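The values are calculated or read from the model by the stated rules, or taken from the named source; none is laboratory data. Only a predicted model underlies this, so the values are computations on that prediction, with no experimental measurement involved. Cβ placement follows ideal geometry from the backbone for every residue including glycine, while neighbour counts extend to all protein chains displayed. What goes into the accessible areas is simple: the full protein's heavy atoms, side chains included, and nothing from ligands, DNA or RNA. Shrake-Rupley method; radii C 1.70, N 1.55, O 1.52, S 1.80 Å.
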Amino acid sequence: ERAFLLAIWRNFVKARTERRPSRETPAMRIGLASAPWRWSQVLAQRLFPWRIPVPPSWELVYRRDLTTEAVGRNRRHRLRNAY
């Protein structure tokens, strides 16, 4: 989840350079956006994988079923008494 937010910040929110006064983002440069995004835009709507097709690897991240070998035991929290 943090990697997705970092990618959005780097490409849509943050300017290409902090040394020049231009606010152009990498996404603006290649034509994906017309203006820099604000965090309120990024977090305005939650996207669900059953509404929008996503690659299987992204669905693993969304469901939190991704295992990390370096962790060793990857315990999953499964709700038992939730409604």
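Kindly provide the set of residues from the stretch 66-75 that are open to solvent by 90 Å² or more (accessible area, probe 1.4 Å) and not aliphatic (A, V, I, L, M), ordered by number.
Answer for the stretch 66-75, where residues must be open to solvent by 90 Å² or more (accessible area, probe 1.4 Å) and not aliphatic (A, V, I, L, M): Glu69, Arg73, Arg75.
So which residues in the stretch 1-36 are closer than 23 Å to Tyr62 by Cβ and open to solvent by 90 Å² or more (accessible area, probe 1.4 Å), if there are any at all? Before the answer, list the steps.
Restricting attention to the stretch 1-36, the residues satisfying the condition of being closer than 23 Å to Tyr62 by Cβ are 1-13, 27, 32.
Those that are closer than 23 Å to Tyr62 by Cβ and open to solvent by 90 Å² or more (accessible area, probe 1.4 Å): Glu1, Arg2, Leu6, Trp9, Arg10, Leu32.
Could you say whether any residue in the stretch 58-65 is assigned to a loop (DSSP other than H, G, I, E, B), more than 30 Å from Leu79 (Cα to Cα), out of contact with any strand residue (DSSP E or B) (no Cβ under 6 Å at 6 or more places or on another chain) and open to solvent by less than 70 Å² (accessible area, probe 1.4 Å)? Before the answer, list the steps.
Here is the first cut: in the stretch 58-65, the ones assigned to a loop (DSSP other than H, G, I, E, B) are 64-65.
From the residues that got through so far, the ones that are more than 30 Å from Leu79 (Cα to Cα) too are none.
Looking for residues that are assigned to a loop (DSSP other than H, G, I, E, B), more than 30 Å from Leu79 (Cα to Cα), out of contact with any strand residue (DSSP E or B) (no Cβ under 6 Å at 6 or more places or on another chain) and open to solvent by less than 70 Å² (accessible area, probe 1.4 Å), one finds none in the stretch 58-65, hence no.
Looking at the stretch 54-66, I want the residues that are without any contact (Cβ under 8 Å) to a residue 12 or more places away in the chain and have a partner that is open to solvent by less than 70 Å² (accessible area, probe 1.4 Å) and of a type in the set (A, V, I, L, M) with Cβ atoms under 6 Å, at least 6 apart or on another chain. Which pairs are those?
Leu66/Leu60
I want to confirm something. Restricting to the stretch 39-57 and keeping residues that are hydrophobic (A, V, I, L, M, F, W, C), at pLDDT 80 or above and under 19 Å from Leu5 (Cα atoms), which single residue is least open to solvent (accessible area, probe 1.4 Å)? Outline the logic, then answer.
So in the stretch 39-57, the residues hydrophobic (A, V, I, L, M, F, W, C) come out as 39, 42-44, 47-48, 50, 52, 54.
This time we only want the ones that are at pLDDT 80 or above, so: 39, 42-44, 48, 50, 52, 54.
With under 19 Å from Leu5 (Cα atoms) added as a condition, the list becomes 39, 42-44, 48, 52, 54.
Numbers: Trp39: 104, Val42: 26, Leu43: 121, Ala44: 80, Phe48: 42, Ile52: 72, Val54: 49 Å².
Going through the qualifying residues, I end up with Val42.
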